């Protein structure tokens, strides 16, 4: 079995911003508070403890108990909720959309990372409690992103019209999706478990929020996972002062725009708006805009004066929903949180937000890139060994991999670098001669050099192509195993659903992830099932 490790920076799957963050480049240090080293958490604990109100804990626990009434909580999860009343209890949080049947695999990896970091911190700091939290993105509205998942190359899709926050959607129509998924699963104990999990979640719960909560709880309740829904009137009341400030001062636009200037050498993940709030009802989620001294809800006839919108906020805080710029602030206001765990794209936009947190006097959390995993079967590992491939080889772009392996497997030397170097040396001499004679001769010499080098490069390409034909069987096997592990030349964690692996391995999938993943390691984990 290959023994090499692939760190995130060398994988080719992370942006320059995230690579530089992981490398702790000095120019990014002002954008985060503390780097995710185990030794930095005690300082984070002390800071968060000093500015997180005890009364917020009381509201948080009451809301969590109310939200989770429709599911059977494990003793560990219930105990963790109760622990949140205590001033020595803190959360480690991840968040994710309400993807149908969890969506891509990395949903699972996010939660496992959160659970495992909570365990590591408890071992390091036994006098404190650490609660893993999954924040459901119930107020998102992009239904097309979440209405499907892929099982064995088949797209299982929920066809439904959607408007408003996705968490409030009814589960009508998911009986048809269940019928399709049931046929794809086939028979067996693991298939039966998955069928029942889907059926209970989506056919016995009224909303997408309730269904998603049920699934996450069923998969992780024995690990003490706590699931939170931000679409909650009492939690929104805690955030109302910050919403008021956003409406009247529009400070986040200024602060994030200033940060974006510092990031002009990178791809900007999100851009702030003058007001970073939505107005929501069951079938409405539209931006709040401020024009000509008046607040209005985009694409509607709803309008407010300043006094009217502040009265609306006081009476109905649940109708004000933070966008991607403000949602992280909302999270950190209502949770005694130490660390946010997310994918590369999420951490990229969190790096835009620190100055806005500081302006609101809210502690900025430690930012941790979630675990990434490549799952392979024993049979696939045997193929990899037989083909003498490393994990690093498999992470290489396929065309580059095939070219490299062709050169390694060929009995010929398919590299004319030595010949090209010799040619350049000869033309250096010719150029010196040309300079001493007619200057027009210099151009002719340079043109001939380009022609000769190009000729060698063409010969090299033709030889490589000829060797590929000779080695086609072996190269095809290399391509096939890479395609199995990297569907559509992408990461399996972004394409495949956990059910595809659960049907073969059952609960072993989750248990191996829980025992094998170290959230503080910046490298891909290889899981052999």
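The long axis of helix 106-124 is offset from the longest Cα principal axis of the chain by roughly 70 degrees.
Counting neighbouring Cβ atoms within 10 Å and putting the fewest first, the residues 339, 5 line up as 5, 339. Short-range pairs are left out: with C-alpha atoms under 8 Å and at least six residues apart, the relative contact order of the chain is 23 percent. Diffusion coefficient (Stokes-Einstein, Kirkwood radius over C-alpha pairs, 4 °C, 1.567 mPa s) for the range 122-161: 93 µm²/s, rounded to a whole number. Measure nothing fancy, just the Cα-based angle from helix 54-67's long axis to the longest principal axis of the chain, in degrees from 0 to 90, nearest 10. That helix lies at roughly 90 degrees to the long axis. Relative to the longest principal axis of the C-alpha atoms of the chain, give the angle of the C-alpha long axis of helix 233-249, reported between 0 and 90° and rounded to the nearest 10°. Long axis of 233-249 versus the principal axis of the chain: about 70 degrees. Shape of the range 480-529 from the C-alpha gyration tensor: oblate (a/c of 1.5 or more and a/b not above b/c, with a ≥ b ≥ c the square roots of its eigenvalues). Relative to one another, the C-alpha centroids of the range 76-138 and the range 151-220 are positioned 23 Å apart. Spin-label pair residue 318-residue 155: with each label point 7 Å from Cα along the Cα-Cβ axis, the two points sit 3.5 nm from one another. Return the tail of the calculated pair distribution for the range 296-339, meaning the percent of Cα-Cα pairs more than 12 Å apart. It works out to 71 percent of all Cα pairs. In terms of surrounding Cβ atoms within a 10 Å radius of their Cβ, 175, 144 rank from fewest to most as 144, 175. For the range 1-119, the mean projected area of the C-alpha convex hull, equal to one quarter of the hull surface, is 11.2 nm².
The listed peptides 207-215, 512-520, 258-266, ordered by packing as a protection proxy, come out as 207-215, 512-520, 258-266 (highest mean of other Cβ atoms within 10 Å first). Sorting 405, 85 from the fewest to the most surrounding beta carbons within 10 angstrom yields 85, 405. When every Cα-Cα distance of the chain is counted in 10 angstrom steps from zero, the calculated P(r) takes the values 3, 16, 23, 23, 15, 9, 6, 3, 1, 0 percent.
When only Cα pairs below 8 angstrom with a gap of at least 6 residues are kept, the range 130-247 shows a relative contact order of 34 percent. The slack in the chain from residue 407 to residue 274, taken as 0.36 nm per residue of separation less the alpha-carbon distance, amounts to 42.3 nm.
For the chain, the 222 nm mean residue ellipticity estimated from helices alone, with every DSSP H stretch of n ≥ 4 adding -39500 (n - 2.57) and the total spread over all residues, rounds to -15500 deg cm²/dmol. Among 356-366, 89-99, the peptide with the highest mean count of other Cβ atoms within 10 Å heads the list, and the full ranking is 89-99, 356-366.
Coordinate-derived values only; no laboratory data. Just so you know, these numbers come straight off a predicted model, no measurement behind them. So basically every Cβ, Gly included, is an ideal-geometry build from the backbone, and we count neighbours across all protein chains shown.
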